[in-house]
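Enquirer: Mind looking over this structure? Questions follow.
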Amino acid sequence: MIIRQENTNDYKNIHNLIKFTFKNASYSQGNEHTLVDSLRQGKSFIPELSLVAEVNNKIVGYILFTKAKIGDEEILNLAPMAVHPDFQKQGIGKALIEKGHEIAKKLGYNFIVVVGYESYFPKFGYLPASYFGANPPFHIPDDIFMAIDLNNSMAVLRGNIEFANEFFE
């Protein structure tokens, strides 16, 4: 398995992977594939944090971290992450998250928020975002709105998270 930054030749495969993977997901707005297309064009996009997982030269996983804000602090939002159903439970999601965390630290980010499975993301150190004083911009249950302090700074975030505009279009 190879984890690498996406390139323009990957866009169609990523689009199709996300559309297929989220088709039957329990948490889906049905537009995750077009959301990624929009986010790439926005101000919150960070090319280094748009990653693919390849197995035998085939893209089987994808993860995207985009800029978000809380007060004056710039943080990251993890969304979406997709692993092809035929390749799930093989460590691909874990590898994507860990590589994303590593790059985010190098880029100087302290916090990441995610709306995701409460049984999955805590394995990587994610806690309810309210633990850090962060609130979602709209109603999201506390058990699926999570955050991680990448540097164990014990800092407190206060206020509402501001996601990229593309999440609301």
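The values are calculated or read from the model by the stated rules, or taken from the named source; none is laboratory data. Worth saying up front: this structure is predicted, and the values here are computed from it rather than measured. Glycine also receives a Cβ, built like all others from the backbone with ideal geometry; neighbour counts cover every protein chain displayed. These accessible areas exclude ligands, DNA and RNA; they are computed on the full protein's heavy atoms, side chains included. Shrake-Rupley method; radii C 1.70, N 1.55, O 1.52, S 1.80 Å.
Enquirer: One residue is enough: does the range 137-144 have a residue meeting the conditions aromatic (F, W, Y), on the phi < 0 side of the Ramachandran plot and surrounded by 14 or more Cβ atoms within 10 Å (Cβ to Cβ)?
Expert: no
Enquirer: Right, here's the next one. Does I103 satisfy being hydrophobic (A, V, I, L, M, F, W, C) and surrounded by fewer than 22 Cβ atoms within 10 Å (Cβ to Cβ)?
Expert: Here the answer is yes, as I103 does meet what is asked.
Enquirer: Separate question: Of (1) open to solvent by less than 20 Å² (accessible area, probe 1.4 Å); (2) at pLDDT below 90; (3) within 23 Å of Q41 (Cβ to Cβ), I112 satisfies all except one. Which?
Expert: So the condition that I112 fails would be (2).
Enquirer: Which one is modelled with the highest pLDDT among residues in the range 15-38 that are open to solvent by 60 Å² or more (accessible area, probe 1.4 Å), assigned to a loop (DSSP other than H, G, I, E, B) and of a type in the set (S, T, N, Q)?
Expert: Restricting to residues being open to solvent by 60 Å² or more (accessible area, probe 1.4 Å), assigned to a loop (DSSP other than H, G, I, E, B) and of a type in the set (S, T, N, Q), the top hit is N24.
Enquirer: K43 is checked against (1) in a helix (DSSP H, G or I); (2) charged (D, E, K, R); (3) open to solvent by 60 Å² or more (accessible area, probe 1.4 Å) and fails just one. What number does that condition carry?
Expert: So K43 meets the others, but not (1).
Enquirer: May I ask you to say which residue of F132, F121 is under 16 Å from the mean Cα position of the chain (by Cα) and open to solvent by less than 60 Å² (accessible area, probe 1.4 Å)?
Expert: Checking each option against the conditions leaves just F121.
Enquirer: Kindly provide the set of residues from the range 53-84 that are surrounded by 21 or more Cβ atoms within 10 Å (Cβ to Cβ) and touching a residue at least 60 places away in the same chain (Cβ under 8 Å), ordered by number.
Expert: Across the range 53-84, the qualifying residues are T66, A68, I70, I75, N77, A79, P80, A82, V83.
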